[in-house]
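Below is one structure, written out as structure tokens; the observations come after it.
The values are calculated or read from the model by the stated rules, or taken from the named source; none is laboratory data. Remember, it's a predicted structure, so these values are computed and weren't measured experimentally. All Cβ positions, even for glycine, are placed from backbone atoms using ideal geometry, and neighbour counts span all protein chains on display. What goes into the accessible areas is simple: the full protein's heavy atoms, side chains included, and nothing from ligands, DNA or RNA. Shrake-Rupley method; radii C 1.70, N 1.55, O 1.52, S 1.80 Å.
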Amino acid sequence: MQVDELSKFGVDERIIRKIKERGISEFYPPQAEALRSGVLNGENLLLAIPTASGKTLVAEIVMLHKLFTGGGKAVYLVPLKALAEEKYREFKTWEDLGVRVAVTTGDYDSSEEWLGKYDIIIATSEKFDSLLRHKSRWIRDVTLIVADEIHLLGSYDRGATLEMILSHMLGKAQILGLSATVGNAEELAEWLNAKLVVSDWRPVKLRKGVFAHGQLIWEDGKVDKFPPQWDSLVIDAVKKGKQALVFVNTRRSAEKEAGMLGKKVRRLLTKPEARRLKELAESLESNPTNDKLKEVLVNGAAFHHAGLGRAERTLIEDAFREGLIKVLTATPTLAMGVNLPSFRVIIRDTKRYSTFGWSDIPVLEIQQMIGRAGRPKYDKEGEAIIVAKTEKPEELMEKYIFGKPEKLFSMLSNDAAFRSQVLALITNFGVESFRELIGFLEKTFYYHQRKDLEILEGKAKSIVYFLLENEFIDIDLNDSFIALPFGIRTSQLYLDPLTAKKFKDALPQIEENPNPLGIFQLLASTPDMGTLSIKRKEQESYLDYAYEMEDYLYRSIPYWEDYEFQKFLSEVKTAKLLLDWINEVSEAKLIEAYGIDTGDLYRIIELADWLMYSLIELAKVLNAGGETIKYLRRLHLRLKHGVREELLELVELPMIGRRRARALYNAGFKNVNDIVKAKPSELLAVEGIGVKVLERIYRHFGVELPLLKNIKDPDKPEDKPKEKPKPKKGTLDYFLK
Ligand code: ADP
């Protein structure tokens, strides 16, 4: 199907022109099938095709066509913040047609009314769910929901959110689901009342095989010989002028393999490549995780995992796309979304370790990794190779290459998700009775899949009891639900009701004995906070620490036989980390002492920040004393900025973080007043305070920078308007001239 043929479906010429401007004149077969399915007439569609086969373009056309013909708004749902940013950059190109594009993630306690001005809104599922709960006014204008990576409906901790959003929007807006190939696409389409387009067509041909001790056995039975170690597959690819992407099961393996592979591909780099890589490595900020990265990056290798900061991840992705990084090792999170194809994909591990011991990685996930092979426009063919270690090659072939991916299952079965969603239905979505609640739940994929009313009712009942017992809701004489302020706020704050209950139960103790460690342990004990894992050899010292600090904790220390013992210790570890953070222990030290990566540190702080905010909000609803609220607010600020009490005033200034604030304080500038009174030259003498920072601070005070000239100290020799040499660009003198 030619792009021009879109006009037959009433698609505006301007949309067609823009697609052609991208150099696309013909649609891929599954795209054509999707566009002909009725989706352009407003029908729901589930499009299950491999990655990189052009799902996004279909979504763009459907969104634009909808906006041009019917107005309203399109919401594009993604599973990760990083993907939201990626899509935002892509969709922004439509702004020359007058379409306004916005992205919204984070902050779950806001209705974001400003989004009303936009036509395409990109959001993570969690964010959109929270917007639904806040009843943002513009939501009634939403006429289309695109659910990207809709197969994540089956993911344990996130799936239920997406499922509930779709249950809310079904029948109210058109739905376009974009999915990887799953075992039961028909069932999902049926639930969505959607047409189904399934295909395994790919823009680049794909060759799949299994590598076992030097033999590369292709799916068609052909065999290629290699040296016995699998790393020969990487070196072979790089020698061919191509790249390799290696999936492994842990972060540490990713780092270790990147180190080893780097040593081997280093000599295959050209001089300019080596120079560029060195520059890239030098541009990275120094911290323990980045230091490991820098070391491998100069060799043309890198690792990609959730422990990296966002800036580093983007840098690696860009350098890999550019072809500069020759081999990238990654944990499976990379296969989830980020568009990073490679000529050769090598899957080193098909098993992983979790709380339940070793288990096979699902076919769906392995096939997502396989799908990364082959770079459109660069490769005629992509290669995906699974490495057999102790496994029999033919079994791997059967399961992962010829096998069908798993079926998706509703994750409303996850209690935490169910609890939170039932509360939201009652407090935010006006569900007034148990009947009505069941009526709504019957619209879910959970019910569609099981058709067992008894189980559904049983589950719902036990949650309703929990909510009643803990005063989230009440019930009147006619058995109608009454949403109580505590319940309403819990739901708006996007908390698991169990978290809110823990906060409520601990509040009297907080009032009596407010202290950071007790509060942080409380935050860490909630189901909304992921805790750090604890190693066997660390257990004793954290137990000692807990005993030492027993008077500060709001709970008793469990006995080691208790099932919660281990979890408790990891909560103490998390609490101690946060305590160190607000006592200004450096990031590098924290990362080392707690055995985490940079990305983890910031994730933990971000989570604790949100939970601390929520604790304050709930304390207000529960009528906590003014002194307690004041205490919590200050602690929240310390947590946000990672500082001791005395720096709180300074960190409120623009561009002043924990490090600069400490430097200013130690130099004698202890509050805003000291800074106002100080001479610019004195401030500039403080470590980390450059002209840019000073400029922002002065602007904050309402003093524009040219005035800097006027507040110069005439007694200082360098300030005298004498015959000075011409200032060099980029220097302070140049700036002040
Ligand atoms: P998906 O969303 O399925 O992972 P994308 O939409 O990101 O895939 O498409 C991958 C790449 O293919 C993009 O660079 C896109 O511009 C390009 N592409 C999409 N459709 C076509 C087409 N019909 N012809 C040529 N290139 C296309």
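Miscellaneous remarks
- Qualifying residue in segment 448-468 (condition: outside any helix (DSSP H, G or I) and touching a helix residue (DSSP H, G or I) at 6+ places or on another chain (Cβ under 7 Å)): no
Residue by residue, here is whether (1) in a helix (DSSP H, G or I); (2) more than 28 Å from the chain's Cα centre (by Cα); (3) closer than 23 Å to Val142 by Cβ holds:
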residue: Ala160; (1), (2), (3): yes, no, yes
residue: Glu163; (1), (2), (3): yes, no, yes
residue: Leu166; (1), (2), (3): yes, no, yes
residue: Gln174; (1), (2), (3): no, no, yes
residue: Gly177; (1), (2), (3): no, no, yes
residue: Ala189; (1), (2), (3): yes, no, yes
residue: Asn193; (1), (2), (3): no, yes, yes
residue: Arg202; (1), (2), (3): no, no, no
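- Scan of segment 381-412 for residues that are out of contact with any strand residue (DSSP E or B) (no Cβ under 9 Å at 6 or more places or on another chain), without any contact (Cβ under 8 Å) to a residue 40 or more places away in the chain and in a loop (DSSP other than H, G, I, E, B), ordered by number: Thr390
- Search result, residues across segment 1-10 that are farther than 19 Å from Trp94 by Cβ and within 11 Å of the ligand (Cβ to nearest atom): Met1, Gln2
- Single residue of Lys443, Lys451, Lys461 found to be open to solvent by 70 Å² or more (accessible area, probe 1.4 Å) and in contact with a strand residue (DSSP E or B) (Cβ under 9 Å, 6 or more places away or on another chain): Lys443
- Residues satisfying the stated conditions in segment 635-658, i.e. among the small types (Gly, Ala, Ser) and at negative phi: Gly657
- Summed over segment 128-149, the residues that are among the hydrophobic types (A, V, I, L, M, F, W, C), part of a helix (DSSP H, G or I) and crowded, with 21+ Cβ neighbours inside 10 Å give a count of 3.
- Val210, sole failed condition from (1) surrounded by fewer than 20 Cβ atoms within 10 Å (Cβ to Cβ); (2) closer than 30 Å to Val296 by Cα: (1)
- Count of segment 227-251 residues which are surrounded by fewer than 13 Cβ atoms within 10 Å (Cβ to Cβ) and part of a helix (DSSP H, G or I): 1
- Residue count for segment 11-57 under the criterion of being in a helix (DSSP H, G or I) and either open to solvent by 50 Å² or more (accessible area, probe 1.4 Å) or near the ligand (Cβ under 7 Å from one of its atoms) (or both): the result is 12.
- Every condition in (1) closer than 17 Å to Ala506 by Cα; (2) within 22 Å of the chain's Cα centre (by Cα) is met by Ile596 except one, and the failing one is (1).
- Flag for Asp224 being at negative phi, surrounded by fewer than 16 Cβ atoms within 10 Å (Cβ to Cβ), touching a Phe, Trp or Tyr at 6+ places or on another chain (Cβ under 8 Å) and without any contact (Cβ under 8 Å) to a residue 24 or more places away in the chain: yes
- A single member of Gly374, Gly403 is over 23 Å from Ser125 (Cβ atoms), away from the ligand (no atom under 16 Å from the Cβ) and at pLDDT below 95, and it is Gly403.
- Sole exception among (1) crowded, with 20+ Cβ neighbours inside 10 Å; (2) hydrophobic (A, V, I, L, M, F, W, C); (3) in a loop (DSSP other than H, G, I, E, B) for Ile316, by number: (3)
- Among the residues of segment 155-184, those that are within 16 Å of the ligand (Cβ to nearest atom) and either closer than 30 Å to Leu495 by Cβ or modelled with pLDDT of 95 or more (or both) comprise Leu176, Gly177, Leu178, Ser179.
- Near pairs, Cβ below 6 angstrom, 6+ apart or cross-chain, from segment 15-34 (more than 23 Å from Ala194 (Cβ to Cβ)) to any residue that is more than 9 Å from the ligand (Cβ to nearest atom) and open to solvent by 30 Å² or more (accessible area, probe 1.4 Å): Glu26/Gln2
- Condition check for Leu412: buried (at least 16 other Cβ atoms within 10 Å of the Cβ) and closer than 16 Å to Leu166 by Cβ: yes
- With respect to the stated conditions, Pro79 fails to be near the ligand (Cβ under 10 Å from one of its atoms) and in contact (Cβ under 8 Å) with a residue 40 or more places away in the chain.
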